[in-house]
Amino acid sequence: MTNMGVIAAVIALGLGVSLGAQPVFAGDDDAAFGGECVMGLALGKDIQTDCSVNTVYLGTKYCFGNETARKLFLKRPDDFLLQAYIYHSSREEAAADAAKQAEPD
């Protein structure tokens with residue numbers, strides 16, 4: 001993806017998040033990001049949770065590693081969601097690139 005493509009994707013993602021677009025779901029879980037801690041993702045970390053600490057924001061369930069992370073998220077949810085989407089997207093893109101390189105010619 002070109003730099004302009006990345007910039008356009010980030011802008012579109014930011015608009016989508018602020019307008020309440022549905023987030024990335026993974027697996028059969030009803031929580032966004034497959035139950036990973038949204039604050040962990042926003043900070044560039046992969047933290048799987050049991051989703052016992054969660055909140056519903058704009059109709060979507062988000063999980064957290066602890067209550068402190070949930071409270072922090074609620075102070076600026078749109079900002080943290082944008083950061084989480086950016087990290088999550090880059091992680092998925094890297095995995096797709098690795099899979100493509102592993103394919104036999």
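The values are calculated or read from the model by the stated rules, or taken from the named source; none is laboratory data. If you're wondering where the values come from, they're calculated on a predicted model, not measured in any experiment. Ideal geometry is used to build each Cβ from the backbone, glycine not excepted, and the neighbour counts take in all protein chains shown.
Here are a few things to note about the model shown:
- Condition check for ASP79: in contact with a Lys or Arg (Cβ under 8 Å, 6 or more places away or on another chain) and either in contact (Cβ under 8 Å) with a residue 24 or more places away in the chain or surrounded by 13 or more Cβ atoms within 10 Å (Cβ to Cβ) (or both): no
- Summed over the stretch 29-48, residues that are more than 18 Å from ARG91 (Cα to Cα) and either buried (at least 17 other Cβ atoms within 10 Å of the Cβ) or not acidic (Asp, Glu) (or both) total 1.
- Among the residues making up the stretch 12-63, those that are in a helix (DSSP H, G or I), touching a helix residue (DSSP H, G or I) at 6+ places or on another chain (Cβ under 8 Å) and at pLDDT below 95 are LEU13, GLY14, VAL17, SER18, PHE33.
- Residue list for the stretch 55-80, filter: out of contact with any strand residue (DSSP E or B) (no Cβ under 8 Å at 6 or more places or on another chain) and either among the basic types (Lys, Arg) or within 13 Å of GLY40 (Cα to Cα) (or both): THR68, LYS71, LEU72, LYS75, ARG76, PHE80
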